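Only one structure is covered here, and it is reproduced in the block below.
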Amino acid sequence: MRKIIVYGEIKTFYVVSISSFIVAGTVLSIFFFSLLSYFSYSRLLDEAIESEMLPEAKIVLAKLLKSEFALNHALYKKIQYYKKKDSLIQDDINKIEILSTAHYILENGFFYKNFAKQSLIDSYYKLGIDYYSIGVKLLTEKYEKGNWKNQEEKKRLFSRLFEVNNSLANYDEALFFLQQLVELEPNNFRLKLHLGELYKDREEYFKAERILEQIVFESKSYDTFSKKASMLLLDIFDELLLQEKMEFYFRYLAAKGAQSDLEFIKRYADFLYSYYNIERVRKFLLTQYSQQKDEAIYEHLQSYKKR
């Protein structure tokens, strides 16, 4: 009787084990065939995108997006599809689809995060260019019609035209509107500084010098604008090897209070090293250190001892 019971238990155990194995095998088979089906569709999508067959690609993409076990990969393919579509038919909707999908991958996914980040950068940049271009067109139409009520509205219009053209690297147009703004606001050092930088970048050094000097000489102290304008002037004179002009500006700025500024001290020390000798550098830095007790000056002095 005991043997029969034991045998029965063993038999039952084998039946349950076999049933479990069959179920597991069935699940794995379904998963395996689903995987094969998914990657078959994935290859079809790649071929359709490569062949620029967008309607067919969209149908295949819809099937891929129904997959639960490979959703990250499907979303990756979705971005590829919309990138291709946008390269053929530029539309903000394509870029918005890319943005929303990339954000989803970053927030919920485990894979393709670097790809998603780069997609965000590219799409935001392209959208920015598109909207700036539209802005330039509308603002230029307003400018050409002379459509402003007063001087303040005119300044706002010119300021926006400068900003959008500068952002789009339309430097000639940006320069024109910045020049107009400086004429409208001759005491605005911020605008003059922008204009001086723009002239310098274009290697129009005489114009840059003239506008930057206005900031330096009209400033009552060595403030933010005066400092920035001075450094740009020194860059120009150094590039043109105008030693006497550099010397004049260093002395003028020192008298205006620049010697309390570490950047000025380092710049003057580098000038002395380039045009004179190491002894003059050490003497200058030792004098500044004894007066200000600034460790940064002492560290800069030590760096020259190693040269």
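Nothing in this text is a laboratory measurement; each read-out follows from the coordinates by a stated rule. Just so it is clear, the model here is predicted, and its values are computed rather than measured. Here the Cβ positions follow ideal geometry from the backbone for every residue, glycine too, while neighbour counts run over all protein chains shown.
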Loop GluC sites (Glu not before Pro), region 44-150, which have at most 10 other Cβ atoms in a 10 Å radius of their Cβ (DSSP): Glu68
Answer in debye to the nearest 20: the dipole magnitude of region 159-300 about its Cα centre, from +1 Lys/Arg and -1 Asp/Glu charges placed on Cβ, is 500
Crossing angle, helix 54-64 versus the chain [Cα axis fit, 0-90 degrees, rounded to tens]: 60
How high is the FRET efficiency from Ser303 to Leu241, r the C-beta distance, R0 22 Å, rounded to 0.05? 0.35
At 0.36 nm per residue, minus the direct Cα-Cα distance, what do Glu56 and Leu88 gain on full extension? Give it in nm, one decimal, please. 10.0 nm
So what is the relative contact order for the chain, in percent, with contacts set as C-alpha pairs under 8 Å and at least six apart? 6
Assuming 0.36 nm per residue, please report the length gained on full extension of the stretch Lys66 to Ser133 beyond their Cα-Cα distance. 20.3 nm
All other residues with a Cβ under 13 Å from the Cβ of Lys154 taken together, and with Lys, Arg as +1 and Asp, Glu as -1, what is their net charge? +2
Run lengths n ≥ 4 of DSSP H only: what is the helix-derived mean residue ellipticity at 222 nm for the chain, with -39500 (n - 2.57) per run over all residues, to the nearest 500? -28000 deg cm²/dmol
Dipole magnitude of region 63-188 about its Cα centre, charges +1 at Lys/Arg Cβ and -1 at Asp/Glu Cβ only, in debye to the nearest 20? 640
If I model a spin label at Tyr104 and Ser37 as a point 7 Å from the Cα along the Cα→Cβ vector, what separation in nanometres do I get? 2.1
Using the beta-carbon distance between Asp261 and Glu204 and R0 = 30 Å, what value does 1/(1 + (r/R0)^6) give for FRET efficiency, to the nearest 0.05? 0.60
List the pairs from Lys154/Lys228; Lys84/Lys113; Lys84/Lys117; Lys95/Lys137; Lys192/Lys245; Lys266/Lys293 whose alpha-carbon separation is above 23 Å, in the order I gave them. Lys154/Lys228
Placing unit charges on C-beta atoms (Lys and Arg positive, Asp and Glu negative, everything else neutral), compute the dipole magnitude of the chain about its Cα centre in debye, rounded to 20. 1160
In the neighborhood of Lys220, defined by Cβ-to-Cβ distances under 15 Å, what is the net charge if each Lys or Arg adds +1 and each Asp or Glu adds -1? 0
DSSP loop GluC sites (Glu not before Pro) in region 151-216 with at most 15 other Cβ atoms within 10 Å of their Cβ, which ones? Glu203, Glu204
In nm, the gap between the two label points placed 7 Å beyond Cα toward Cβ at Asp122 and Asn147 is 3.7
Write out the trypsin sites (Lys or Arg not before Pro) in region 158-262 meeting two conditions: DSSP loop, and at most 13 other Cβ atoms within 10 Å of their Cβ. Arg202, Lys220
Stretched out fully, how many nm does the piece from Leu184 to Ala254 gain, at 0.36 nm a residue minus the Cα gap? 22.0 nm
Positive end of the charge dipole of the chain (Lys, Arg +1 and Asp, Glu -1 on Cβ, about the Cα centre): tell me which of Gln118, Leu168, Tyr275 has its Cα farthest that way. Gln118
Could you tell me the relative contact order of region 147-232? Use alpha-carbon pairs under 8 Å, at least six residues apart, and round to a whole percent. 19
For labels at Ile96 and Thr224 in the simple 7 Å Cα→Cβ model, what's the distance in nm? 3.7
Let me check the size of the chain from its C-alpha atoms; what are the radius of gyration and Dmax in Å? 34.6, 118
